[in-house]
Amino acid sequence: MTYAYLFKYIIIGDTGVGKSCLLLQFTDKRFQPVHDLTIGVEFGARMVNIDGKQIKLQIWDTAGQESFRSITRSYYRGAAGALLVYDITRRETFNHLTSWLEDARQHSSSNMVIMLIGNKSDLESRRDVKREEGEAFAREHGLIFMETSAKTACNVEEAFINTAKEIYRKIQQGLFDVHNEANGIKIGPQQSISTSLGPSASQQNCRDLGSDAGCC
Amino acid sequence: MNFLRGVMGGQSAGPQHTEAETHQNEDRIFKKNILEIQMNQKTTLKGLGISDSEIIGYALDTLYNIISNDEEEEVGKFPLILLCFYEFDFHVRWPGVKLLTSLLKQLGPQVQQIILVSPMGVSRLMDLLADSREVIRNDGVLLLQALTRSNGAIQKIVAFENAFERLLDIITEEGNSDGGIVVEDCLILLQNLLKNNNSNQNFFKEGSYIQRMKPWFEVGDENSGWSAQKVTNLHLMLQLVRVLVSPTNPPGATSSCQKAMFQCGLLQQLCTILMATGVPADILTETINTVSEVIRGCQVNQDYFASVNAPSNPPRPAIVVLLMSMVNERQPFVLRCAVLYCFQCFLYKNQKGQGEIVSTLLPSTIDATGNSVSAGQLLCGGLFSTDSLSNWCAAVALAHALQENATQKEQLLRVQLATSIGNPPVSLLQQCTNILSQGSKIQTRVGLLMLLCTWLSNCPIAVTHFLHNSANVPFLTGQIAENLGEEEQLVQGLCALLLGISIYFNDNSLESYMKEKLKQLIEKRIGKENFIEKLGFISKHELYSRASQKPQPNFPSPEYMIFDHEFTKLVKELEGVITKAIYKSSEEDKKEEEVKKTLEQHDNIVTHYKNMIREQDLQLEELKQQISTLKCQNEQLQTAVTQQASQIQQQKDQYNLLKVQLGKDNQHQGPYNNGAQMNGIQPEEISRLREEIEELKSNRELLQTQLAEKDSLIENLKSSQTASDMNEQSSTKDSEQITELKQELATLKSQLNSQSVEITRLHTEKHELLQKMETKSIPVQGENESIIASKTTDVEGRLSALLQETKELKNEVKALSEERTAIKEQLDSSNSTIAILQNEKDKLQLEVADSKKEQDDLLVLLADQDQKILSLKNKLKDLGHPIEEEDELESGDQDDEDDENEDGIKDQDHI
């Protein structure tokens, strides 16, 4: 299938926060309650549509365990987007965000769009991190924020798509060099570059991103 | 070593530590050297001249020479070497690449681990593929080959760093299979990245790179020559395709790649090579193997393959052409194996294909002209040829046409073979057992026994057919019981399996070979233990496990061609159950039989019900659809009905009203009799208006009579100026009447107004109704239409009549209001007359009062004079003079007056 753009994503965050489940829910629309520990990195892909443009998302789901940290670092540079995931029922996963973010900022290109995700929003009774805390962290560090549930699929689609919208917006603002594949962006086979430049549309996107009232 | 790591900021890994400690001395010496190099390196990095780079280059080269034979020291230097990939200078980079490649080749896992944990380590090395200097790029490919060898994590990072794109670009630039050794190196690297790496395979597929493989196989038919390099390249390319569709991959992954290969035309391209001429045998063989795996278990691809024709005259199906090679002794062994694999893959999970192959053997479909060779004919030919390899291949191929397909097992029983002239035809089954009993080569007998075992398993009818030949059971028992040499053990085992199948799948339809009897026979002739031991020979055979590993028939030489992969599965499945069946006592057997029967019955019932449920499901589905369509229709109809009902109700209402109206109309208006229906509101209004008009009329009459009364009253007043009392009374009455009249007039006026308003409203309503009638006449269906049409005309007629009526009534009202104005004028004039009269009356009253006064005065005078007269008379009398009573002074009139006056006086006296 042909596409206008190809974006590379990585999913990062502590072990057991639901990174692989988020990917599985996004690519296969199913939830696997018992998931093996990810060894190294796993790959998944899906096509999405933004502003009538087909965008192929290639997603590398990384292992959260400390021992794989050095391996996962190799994926930062070539990614256009990162989903930084914590578990709303485990505060320590939230506390580790700073260290993940430092790692990401250090090894990625400066334009990488980072989406902060508080996963497991279905487990409201066991909540340990308030939504407001997540929002505050995101605001402080200039991230997009969403709470999701890989189990109920709530906001999962939105998380991936809103990240893509933000990348698309940055492309249209000329912040990304689409010809340098090291940025994690590739123009589709039959795509001309003239399709970029559309400030009105990009502003629209920007507004869309903020309003993720959703179900969570 | 740790020092060196420190320089790079790399982490130290445990195992290397111990190594380092054991070689501390060498390490120390080494450190000195490296330190110096490192100093140079640093200054170079700060941008010093070429000469420094050259020095470093030579130094690295020296280093390479020193350490290339010393495995233990490599690890420590390693991160330093990564530094030289920041340096673009050729003299630094190239030896650096060579050094690292050498390190990787000798200390693979350790070096891989260090690169993996070095920040940007892999990314740096990936940059080599983009180096403009071909030497570095090409050596970079070799470095990456060594780097990615059996390390999944690095393979994934390399893939993430766009290795597929870069390598495919290089292959294209170099001219695909016509390219040199660089293409070969790239293909090996691609294989490293993809083999047994599901994540990378998925990425490769999702990245649409399969499509980019297609041009690799656009190999011209012309004899452009097949260089050794080209053959190698093409071989690697074919293997790369096979990596993506390997039967050992996860099923979902393989099938999605298979689909992609069909969709992008890769399979079609491979089939072109398959049918082309002049293709080297090993390429052809590998192409057949590749096509096999691209179609295996994928119905679309299998269907396509069945449709491929060889460009011969007349065109023959590719399958037939390939089978010809399989049963041809002169073809290379590997090619014949490849064809068998291809045929197996074509039939794998392909009931349609199995049916097609078997059907070419059936009497009804065999081509009587004998012009074209069919697959079935080739297989039979192979089965009974003198070449044992052909026998084996044909038997296995035929067994694959029966795999998990009960229908074809039964169909194959119908196959009859013509033997020598004059003899009756023999069934295929009979012929197989005949050849088996003739004691041919082991390969032939193994092949036939595998075919028979596959054929008879799960097929009681075939078992019955087999047992029906009275020679078969004695042959089998004889084979099993005999004490033969080691080479015959496998055949004995297979015979035991076949006999076991004949017991296990026996439906007891043959009296002489019922389960129980066969078991007794085993016990008597062979012995249970012996039988089981012989059965066990199969899976204990050295070639058995080899064949069970993967589907491809891959034998080093023809002698090893003994087991078929699918057959090993059958053995695994049956060995246990047959052993159990043999050991079971007859009672247990009976019990089991009963249980089995009941189970079967249950099964039958269940299948019966299942079928019923399936049918009912279908029916249900159909009915559901019908219901939904009917519901839909019903809804539509219901809305139509309600619409029509309301229309009809409206019309009925109108009709009734009009009827009532008509009844009323008939009383005063003859011409409108015929109207039957009318607008619901209008007639009501009209009748009300009529009533009002009636009322007004009566009012008018009343007023007129009142007026007449007043007129007469005025007359009375005029005539009776004297009777003032009466006058006064009438005048008050008059004023009362006038106010009444005024009120009445006001009410009349308002009535008139409301009437005129109503009339206009009626007009508009009438208009609307007329329009409605017009529109209504469309949706009304069928018979209603004509009625309504006639009704409409009626109604229209009535409407116009009513309009006329209304007009007339209006005119009447107008006339009435004119009359009323006239009456008002009359009233005004009478009022003024009344006022005049009043004035006159007042005057008269004044006059009356005056005259009364005069009269009183006169009466006083009269009384005085009377007194005088009386006194005078009395004087006269006194004087003696007679007095006359009558006095000449008074007149008759005066007398009357006098009388009256006398009364008045009297009254006054009293007062």
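What lysines could a cross-link reach from B:Lys873, if we take a straight Cα to Cα line under 24 Å and drop same-chain neighbours fewer than 8 places away?
Of all the lysines, those that pass the test against B:Lys873 - Cα under 24 Å, at least 8 places apart if same chain - are B:Lys906.
Give the peptides B:559-565, A:15-21 in descending order of average Cβ contacts within 10 Å, highest first.
On the way: B:559-565: 20.1, A:15-21: 22.6.
Averaged packing, sorted descending, gives the order A:15-21, B:559-565.
Where the centre of each part is set by its Cα atoms, how far does the range B:247-295 sit from the range A:1-37, in angstrom?
Their Cα centres are 32 Å away from one another.
For the range B:96-195, what is the charge dipole size about the Cα centre, in debye to the nearest 20, if Lys and Arg each add +1 at the Cβ and Asp and Glu each add -1 at the Cβ?
Values: 9 positive and 12 negative charges, 114 e Å.
Computed charge dipole of the range B:96-195: roughly 540 debye.
In terms of Cα to Cα distance under 22 Å, which lysines are near enough to B:Lys597, apart from those fewer than 8 places away along the same chain?
B:Lys515, B:Lys517, B:Lys519, B:Lys580, B:Lys584, B:Lys610
What does the structure give for B:151-161 when I average, per residue, the other chain Cβ atoms found within 10 Å of the residue Cβ? It would help to have the intermediate numbers written out before the result.
Details: counts 1, 3, 9, 3, 1, 8, 9, 1, 3, 12, 6.
For peptide B:151-161, the averaged partner shielding equals 5.
Sorted by mean Cβ packing within 10 Å, highest first, what order do the peptides B:618-629, B:398-409 take?
Working: B:618-629: 10.7, B:398-409: 21.4.
So the order, starting with the most tightly packed, is B:398-409, B:618-629.
Describe numerically, in nm with one decimal, the distance between label points set 7 Å from Cα along Cα→Cβ at B:Asn313 and at A:Arg69.
If labels sit at B:Asn313 and A:Arg69, their model points lie 7.6 nm apart.
How crowded by other chains is B:194-202, given as the mean number of beta carbons from other chains within 10 Å of each beta carbon?
2
Assuming R0 = 56 Å, what is the FRET efficiency of B:Asp856 and B:Glu695, from their Cβ-Cβ distance, to the nearest 0.05?
Values: r = 58 Å, r/R0 = 1.03.
The calculated FRET efficiency here is 0.45.
What does the extension gain come out to for B:Ser754 and B:Leu630, with contour length at 0.36 nm per residue minus their alpha carbon separation? Provide the component values of the computation, followed by the final result.
Details: separation 124, 0.36 × 124 = 44.64 nm, distance 5.38 nm.
Here the segment from B:Ser754 to B:Leu630 would lengthen by 39.3 nm.
Note down the net charge around A:Ile187, summing +1 for each Lys or Arg and -1 for each Asp or Glu among other residues with Cβ under 12 Å from its Cβ.
Around A:Ile187, the surrounding residues sum to +1.
For a protection proxy built on the mean count of beta-carbon atoms within 10 angstrom, sort B:475-488, B:162-175 highest first, please. Write out the running numbers ahead of the final one.
Working: B:475-488: 15.2, B:162-175: 18.4.
With the highest mean Cβ count within 10 Å placed first, the list reads B:162-175, B:475-488.
Sticking with the crude label model, points 7 Å out along Cα→Cβ, report the distance from B:Lys572 to B:Leu846 in nm, one decimal please.
14.9
Quick one: which of B:Lys659/B:Lys814; A:Lys29/B:Lys259; B:Lys710/B:Lys843 span more than 27 angstrom between C-alpha atoms? Working shown, then result.
Details: B:Lys659/B:Lys814 29 Å; A:Lys29/B:Lys259 22 Å; B:Lys710/B:Lys843 22 Å.
Cα-Cα > 27 Å for B:Lys659/B:Lys814; rest within.
Can you tell me the Rg and the Dmax, both Å, for the Cα atoms in the range A:5-187?
Considering the range A:5-187 through its Cα atoms, Rg and Dmax are 15.1, 47 Å.
For B:Asp864 and B:Ser712, compute 0.36 nm times the residue count separating them, minus their Cα-Cα distance, and round to one decimal in nm.
Stretched fully, the B:Asp864-B:Ser712 segment lengthens by 50.0 nm.
Between A:Met47, A:Met115, A:Met146, where does the largest GNM mean-square fluctuation fall for chain A, given springs only between Cα atoms within less than 10 Å?
Residue with maximal mean-square fluctuation among A:Met47, A:Met115, A:Met146: A:Met47.
Output the relative contact order of the range B:263-368, whole-number percent, from Cα pairs under 8 angstrom with separation of 6+ residues.
Details: 100 pairs, mean separation 28.9, N = 106.
About 27 percent, as a whole number.
How tilted is helix A:199-210 with respect to the longest principal axis of chain A? Cα atoms for both, answer in degrees (0 to 90, nearest 10).
The angle comes out at about 10 degrees.
Greater than 28 Å separation of Cα atoms is the criterion. Which listed pairs, A:Lys56/B:Lys550; B:Lys214/B:Lys349; A:Lys8/B:Lys349; A:Lys8/A:Lys120, meet it? Show your work: numbers first, answer last.
Numbers: A:Lys56/B:Lys550 36 Å; B:Lys214/B:Lys349 26 Å; A:Lys8/B:Lys349 38 Å; A:Lys8/A:Lys120 24 Å.
Distance filter (> 28 Å) returns A:Lys56/B:Lys550; A:Lys8/B:Lys349.
Who wins for biggest fluctuation among A:Ile185, A:Ile11, A:Ile161 in a Gaussian network model of chain A, springs between alpha carbons below 10 Å?
Of A:Ile185, A:Ile11, A:Ile161, the Gaussian network model singles out A:Ile161 as fluctuating most.
What 222 nm value per residue comes from the helices of chain A, counting each DSSP H run with n ≥ 4 as -39,500 (n - 2.57) and dividing by all residues, nearest 500 deg cm²/dmol?
Rounded to the nearest 500, it is -9500 deg cm²/dmol.
Please state the relative contact order of chain A as a whole percent: Cα pairs under 8 Å, 6+ residues apart?
On the way: 423 pairs, mean separation 53.2, N = 216.
Relative contact order, chain A: 25 percent.
Using a 10 Å cut-off on Cβ to Cβ distances, tally the other chain neighbours for every residue of A:44-51 and report the average as a whole number.
Working: counts 4, 5, 1, 1, 0, 0, 0, 0.
Mean inter-chain Cβ contacts per residue within 10 Å come to 1.
Lys and Arg at +1, Asp and Glu at -1: add these up for the other residues within a Cβ distance under 12 Å of B:Val396 and post the number.
Values: positive: B:Arg336; negative: B:Asp564, B:Glu566.
Here the charged neighbours net out to -1.
Whenever you get a sec, compute what percent of the accessible area on the range B:586-627 sits on carbon and sulfur atoms (1.4 Å probe).
Roughly 53 percent of what the probe reaches on the range B:586-627 is carbon or sulfur.
Can you figure out the FRET efficiency of B:Gln351 with B:Tyr560, using R₀ = 35 Å and their beta-carbon distance, to the nearest 0.05?
Values: r = 31 Å, r/R0 = 0.89.
Here the calculated transfer efficiency is 0.65.
Could you tell me what percent of the accessible area of the range A:5-187 is made up of carbon and sulfur, with a 1.4 Å probe and every protein chain present? Kindly include the intermediate steps, with their values, before the conclusion.
Numbers: 3180 of 6750 Å².
After summing per-atom areas, the C and S share lands at 47 percent.
To the nearest 20 Debye, how big is the dipole of the range B:586-627 about its Cα centre, given +1 on the beta carbon of each Lys and Arg and -1 on that of each Asp and Glu? Walk me through the numbers on the way to the answer.
Values: 7 positive and 12 negative charges, 50 e Å.
Here the size comes out at about 240 debye.
Roughly how tilted is helix A:156-172, in degrees to the nearest 10 and between 0 and 90, from the longest Cα axis of chain A?
With both axes taken from Cα atoms, the answer is about 40 degrees.
How much accessible area per residue does the range A:5-187 have, in Å², with a 1.4 Å probe?
Details: 6750 Å² over 183 residues.
Result: 37 Å² per residue.
If you take the beta carbon distance between B:Leu876 and B:Lys810 as r and set R0 to 56 Å, what does 1/(1 + (r/R0)^6) give as a FRET efficiency, to the nearest 0.05?
Details: r = 94 Å, r/R0 = 1.68.
That pair, B:Leu876 with B:Lys810, gives E of 0.05.
The values are calculated or read from the model by the stated rules, or taken from the named source; none is laboratory data. Computed from a predicted model, the values in this text were never measured in an experiment. Note that each Cβ is placed from the backbone with ideal geometry, even for glycine, and that neighbours are counted across all protein chains shown. To get the accessible areas, we keep the full protein, side chains included, count just its heavy atoms, and leave off ligands, DNA and RNA. Shrake-Rupley method; radii C 1.70, N 1.55, O 1.52, S 1.80 Å.
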